Amino acid sequence: MSITERYRLAQMVHTDGPVIKVSNLKKGFGTRVVLDDLSVELSRGESMVVLGRSGSGKSVFIKCIIGLLKPDAGSIHVLGQDLAALDHDQTDQLRSHIGFLFQSNALYDSMTIRENLEFPMRRHRNTLVREQLDEHIIKTLTNVGLAHTADMMPAELSGGMQKRIALARALVLNPEIILYDEPTSGLDPITSKEISSLMTGIQEQYNTSSIIISHDMSCVKRTADRIMVLLGGKCYAMGTWAELARSNDDNIKQFFE
């Protein structure tokens, strides 16, 4: 067993039941209600896409899941832990089991690719020696097809390559959950297809559970085990691609036409 495999097993949080359970979640800003009594569960190894019009609350939903926003009511359990019951350090520790792929990639321009991946490792997993750290980083870069970029700068890479590096950084802590915010935004159709295929490959290889926010229906079709349609702050519909694509409901059909 490699260092990476041993490291992943050591860091996993084992829990029965759903890896994410959201119950009666409510969140608003002033008089505007964004999420209204939303309940949904994510199973281990499952990939769920959240569809909704702009401003429907998709980003607010995932920000609540990682504790960046505090719900007005309801509960969120992640890997068996109640977010509301955790202090700052406990929340930070829980986040180390969650990878987040930002729409903008959010790479540090002044750091090499290696240093970008080292940054979360040194913060959350500072027990690895230099040799182990390098092995793990190269292994992670290899899994996204970019081991040769370790000592390059982000500006030297194409948009698609930067997206792969951002995905590698989301993977470097061997998370059990990955949250994707518009993972194919701004990419050409061919690169978008490559990223979507990479996401499904990572899910199979790492057995990650994923929530994906996307308007790219090609990406949705390739990656989703289930699709949640968010409307009026609620789970308006839930189903597979095939099930929802057959719907005659105009609120669902608008995404599949």
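Values in this text are rule-based calculations from the coordinates and carry no lab data. Everything quoted here is computed from the prediction, not taken from an experiment. Every residue, glycine as well, gets a Cβ built from its backbone with ideal geometry; the counts of neighbours run over all protein chains shown.
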Relative contact order (%) - the stretch 98-200, alpha-carbon pairs under 8 angstrom, separation at least six:
45 percent
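Dipole size in debye (nearest 20) for the chain around its Cα centre, Lys and Arg Cβ +1, Asp and Glu Cβ -1? Don't jump to the answer; show the numbers that get you there.
Details: 28 positive and 31 negative charges, 44 e Å.
Dipole magnitude for the chain comes out near 200 debye.
Counting alpha carbon pairs within less than 8 Å and at least 6 residues apart, what relative contact order, in whole percent, applies to the stretch 3-256? Don't skip to the answer; put the middle values down first.
Values: 436 pairs, mean separation 67.9, N = 254.
In percent, rounded to a whole number, it is 27.
Go through 76-86, 162-172 and give me the packing order, highest mean Cβ count within 10 Å leading.
So the order, starting with the most tightly packed, is 162-172, 76-86.
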Take T140, T31, T91 and order them by how many other Cβ atoms sit within 10 Å, fewest up front.
T31, T91, T140
Of the lysine pairs in the chain, how many meet both conditions: Cα atoms under 20 Å apart, and a spacing of 8 or more in sequence or different chains?
24
Can you sort F61, F256, F100 so the residue with the fewest Cβ neighbours within 10 Å comes first?
F256, F100, F61
Set Lys and Arg Cβ to +1 and Asp and Glu Cβ to -1, take the dipole of the chain about its Cα centre, and tell me which of A242, V40, F119 lies farthest positive.
V40
Per principal axis, largest first, the Cα atoms of the chain extend in Å by 54, 43, 35
